[in-house]
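Colleague: Before we start, here is the structure in question, set down as structure tokens.
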Ligand code: PGA
């Protein structure tokens, strides 16, 4: 039985004052059925982990460097995220792939670095609108999944997030059939490659998830939770998403 996961990605949003939103998520997160994660900007991780202490909310980073240390100005290692209080890190978000030219090989190397530091990697995959419209979605997802997921992936150290690029921050959401098709395809690929571990890995849907569409998305086969951007910034919205997952 896979535990559900409600994951928030604050992206480049949030300063100390916004930790009041995190505080206001603690009661909603205190559920037995659903894991809750908030990935804050790196400078907030250590304060966020103090804010979340004693609650069911885990804190994560949004990226890490593949290397353990060295001359990489502005980058952050997996060990530094752990030191600041993180338990998870997002790797391969489409905004990293597009803005920073991250390839599948780079995403796999970052995920391996996460494993080496006992962080859970939330590995993101997703097709562009042009790839969707030209019928390449499953090819693209299959290639990204194979190339971005290290051989050492297990049910405990890896979460997969399917996030169609065209659905992120746009208010556009795939049909439930489209979500099911991709999630079932990812599950089949994971099970074929990783056996029981592949069956145990959570697969999140991400892209314009909000309180009003969460319940129907969470009812789709092989959707084990959500990676939520905009609607994770406000406790009222994110709490409603946690509740929708808790009953699904
Ligand atoms: P969104 O972002 O919920 O604002 O669409 C999702 C994501 O990029 O993780």
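Colleague: Tell me, what is the FRET efficiency for residue 20 and residue 99 to the nearest 0.05, using R0 = 22 angstrom and their Cβ-Cβ distance as r?
Modeller: Once rounded, the FRET efficiency stands at 0.15.
Colleague: For segment 21-69, just the Cα atoms, rotate onto the principal axes and tell me the three extents in Å, largest first.
Modeller: Extents along the principal axes, in whole Å: 37, 21, 15.
Colleague: When the chain is treated as a GNM, springs tying every alpha-carbon pair under 10 Å, which of 144, 33, 62 comes out with the largest mean-square fluctuation?
Modeller: Among 144, 33, 62, the largest mean-square fluctuation in the Gaussian network model of the chain belongs to 33.
Colleague: Counting only Cα atoms, I'd like the Rg/Rh figure for segment 97-209, Kirkwood definition for Rh.
Modeller: Ratio of gyration radius to Kirkwood radius for segment 97-209: 0.95.
Colleague: Sort 218, 238, 185 so that the residue with the fewest other Cβ atoms within 10 Å of its own Cβ comes first and the one with the most comes last.
Modeller: 185, 218, 238
Colleague: Calculate, for residue 73 and residue 193, the FRET efficiency according to 1/(1 + (r/R0)^6) with r their C-beta to C-beta distance and R0 41 Å; round to the nearest 0.05.
Modeller: Values: r = 36 Å, r/R0 = 0.88.
Rounded to the nearest 0.05, the efficiency is 0.70.
Colleague: So which residue, out of 128, 148, 111, gets the largest mean-square fluctuation from a GNM of the chain using Cα contacts under 10 Å as springs?
Modeller: 128
Colleague: In deg cm²/dmol, rounded to 500, what helix-only [θ] at 222 nm does the chain give when every DSSP H run of at least 4 residues adds -39500 (n - 2.57) and the total is split over its residues?
Modeller: Theoretical 222 nm ellipticity from helices: -12000 deg cm²/dmol.
Colleague: Consider all pairwise Cα distances in segment 4-246 and report the whole-number % of them above 25 Å.
Modeller: The share of Cα pairs beyond 25 Å in segment 4-246 comes to 36 percent.
Colleague: Quickly work out the residue 12-to-residue 221 label distance, labels modelled 7 Å from Cα along the C-beta direction, and quote it in nm with one decimal.
Modeller: For residue 221 paired with residue 12, the spin-label model returns 4.1 nm.
Colleague: Also, I was wondering about something else. Among 201, 80, 1, which comes first, second and so on when ranked by fewest other beta-carbon atoms within 10 Å?
Modeller: In order of increasing Cβ crowding within 10 Å: 1, 80, 201.
Colleague: Can you sort 104, 196 so the residue with the fewest Cβ neighbours within 10 Å comes first?
Modeller: Ranking 104, 196 by Cβ neighbours within 10 Å, fewest first, gives 196, 104.
Colleague: Below 8 Å between Cα atoms, with a sequence gap of 6+, how large is the relative contact order for the chain in percent?
Modeller: That works out to 22 percent.
Colleague: Note the direction-averaged projected area, equal to a quarter of the hull surface, for the Cα convex hull of segment 171-219, in nm². Write down the numbers at each step before the final one.
Modeller: Details: hull surface 13.9 nm².
Average of the hull's projected areas for segment 171-219 equals 3.5 nm².
Colleague: With springs only between Cα atoms under 10 Å, which of 224, 87, 27 fluctuates most in a Gaussian network model of the chain?
Modeller: The residue with the greatest mean-square fluctuation here is 27.
Colleague: Now for a different question. Can you pull the percent of Cα pairs in segment 1-121 with separation above 19 Å?
Modeller: The answer is 46 percent, as a whole percent.
FYI, it's all coordinate maths here, none of it is from the lab. Because the structure is a prediction, the values reported are computed rather than measured. We place every Cβ from the backbone using ideal geometry, glycine too, and count neighbours over all the protein chains shown.
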